[in-house]
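> Attaching a single structure in structure tokens format; questions to follow.
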């Protein structure tokens, strides 16, 4: 079974490593970024199963990082882990399809939240694929009529 790539974005090395330690034995390939620019480069260079990100990150903040991904039709699931997330930021993130918000105190729940997020994303991708197949079938029927 191929490991799922997870990108962990946080300016604090200790937090990145703590998140990583919670996921190390879960069949994930973990990659780390300390700022939004580094995260953006990684996201542009490979596919990730999910991103765990703080919204307060240097260079490109978490909202803009998610926004740039969605602008190019990338639906990679984002989980936001932050000390606090103001309501206006939560609204912005929800508009761009964030999957979950976790306060930093809930960090031990990351493995189960991530598993749930990946499962929901897999179901959504399967549904989209099914709808695309139905659409192709419908178009073929129209062309043969």
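The values are calculated or read from the model by the stated rules, or taken from the named source; none is laboratory data. These numbers come from a predicted model, not from an experiment. A quick note on method: Cβ atoms are made from the backbone with ideal geometry, for glycine too, and the neighbour counts reach across all protein chains shown.
> State yes or no: is residue 60 in contact with a helix residue (DSSP H, G or I) (Cβ under 7 Å, 6 or more places away or on another chain) and at pLDDT 85 or above?
Numbers: in contact with a helix residue (DSSP H, G or I) (Cβ under 7 Å, 6 or more places away or on another chain): yes; at pLDDT 85 or above: yes.
Considered against the rule, which asks whether it is in contact with a helix residue (DSSP H, G or I) (Cβ under 7 Å, 6 or more places away or on another chain) and at pLDDT 85 or above, residue 60 comes out as yes.
Residues are listed down the side, and each one gets a yes or a no for (1) surrounded by 19 or more Cβ atoms within 10 Å (Cβ to Cβ); (2) under 17 Å from residue 45 (Cα atoms); (3) touching a helix residue (DSSP H, G or I) at 6+ places or on another chain (Cβ under 9 Å):
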residue	(1), (2), (3)
66	yes, yes, yes
69	yes, yes, yes
80	yes, no, yes
90	no, no, no
98	yes, no, yes
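> Moving on to the next point. Residues that are in contact with a strand residue (DSSP E or B) (Cβ under 6 Å, 6 or more places away or on another chain) and either touching a residue at least 24 places away in the same chain (Cβ under 8 Å) or on the phi > 0 side of the Ramachandran plot (or both): find the strands (runs of 3 or more DSSP E) completely inside segment 1-113 holding 3 or more of those.
4-9, 28-33, 50-53, 78-82
> Quick one: in segment 36-57, which of the residues that are more than 14 Å from the chain's Cα centre (by Cα) and under 18 Å from residue 104 (Cβ atoms) is modelled with the highest pLDDT? Give the derivation first.
First, pick out the residues of segment 36-57 that are more than 14 Å from the chain's Cα centre (by Cα): 37-38, 41, 45, 56-57.
If we keep only those that are under 18 Å from residue 104 (Cβ atoms) as well, we get 56-57.
Numbers: 56: 88, 57: 92.
This residue is 57.
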